[in-house]
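Below is one structure, written out as structure tokens; comments come after it.
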Amino acid sequence: MSSRCVILVGMMGAGKSQVGRLLAENLGYDFVDTDALIVKRAGKSVPRIFSEDGEEAFRALERDVIAELARRQSLVIATGGGALLDEANRRVLSALGHTVYLKASPRELYLRVKNDKNRPLLNVPDPQGELRRLLDARAPLYEKCDIVVDTEEIGTDEVVDLLIDELAKRTIETQME
Ligand code: S3P
């Protein structure tokens, strides 16, 4: 496997952190979660950053932590669902390595996150409708990833196995070029 990073993107509930941790273990890479880096830097939780400082402040922190990952190698990176909205983030992340979209429907995403209080954007009367609205706006960006995996009906282990195969194929192709 080459030392290029693997960058996981997709909506809240897509499984980026779970898949990322297991994939990193399998590849012998370190795992980084951009939300965790933001929380560490801000010294408070994501919901508190949103409620006390606002979404813009959260996005600025997100941009900073992603910029600092530039040129790193051998990492699996789980990004927050909104990371690709920012053009600078898109540039840094796509230069770092293989971008992977973990895809699922709003209904499935809702089932996965409905008991989780850590998503301030879903603190609204109709969270499933909000997931649909956000996904409609973001899907064109997500779909541009190098690899798209439909996670709707498969578990974490299977997603990781698929990714290991796909990444190995790409590494062999790169070596043959
Ligand atoms: C967000 C997703 C969250 C977190 C923040 C905003 C989004 O991360 O970055 O609440 O805009 O979709 P996860 O995708 O890991 O839940």
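General observations
- The figure for Ser45 is an accessible area of roughly 40 square angstrom, using a 1.4 Å probe on the protein chains alone.
- Listed peptides 165-177, 122-134, 32-44 by packing density, highest first (mean Cβ within 10 Å): 32-44, 122-134, 165-177
- Carbon/sulfur fraction of accessible area - region 65-155, other protein chains in place, 1.4 Å, %: 46
- Screening the chain for DSSP H helices whose Cα atoms reach 20 Å or more along their own axis and whose mean Kyte hydropathy is at least -1.0 gives 127-142, 156-176.
- Computed per residue of the chain from DSSP H runs no shorter than four, each worth -39500 (n - 2.57), the mean residue ellipticity at 222 nm is -16000 deg cm²/dmol.
- If the segment from Glu152 to Glu68 were pulled out straight at 0.36 nm per residue, it would be longer than the present Cα-Cα gap by 27.0 nm.
- Pairs of Cα atoms nearer than 8 Å and 6+ residues apart set the relative contact order; for region 5-165 it is 35 percent.
- Under 17 Å from the Lys169 label point (7 Å along Cα→beta-carbon), backbone N, region 1-29: 1-2
The values are calculated or read from the model by the stated rules, or taken from the named source; none is laboratory data. These numbers were taken from a predicted model, which means no experiment stands behind them. Note: ideal-geometry Cβ built from the backbone for every residue, glycine included; neighbour counts use all protein chains shown. Side chains are part of the model used for accessible areas, which takes the heavy atoms of the whole protein and leaves out ligands, DNA and RNA. Shrake-Rupley method; radii C 1.70, N 1.55, O 1.52, S 1.80 Å.
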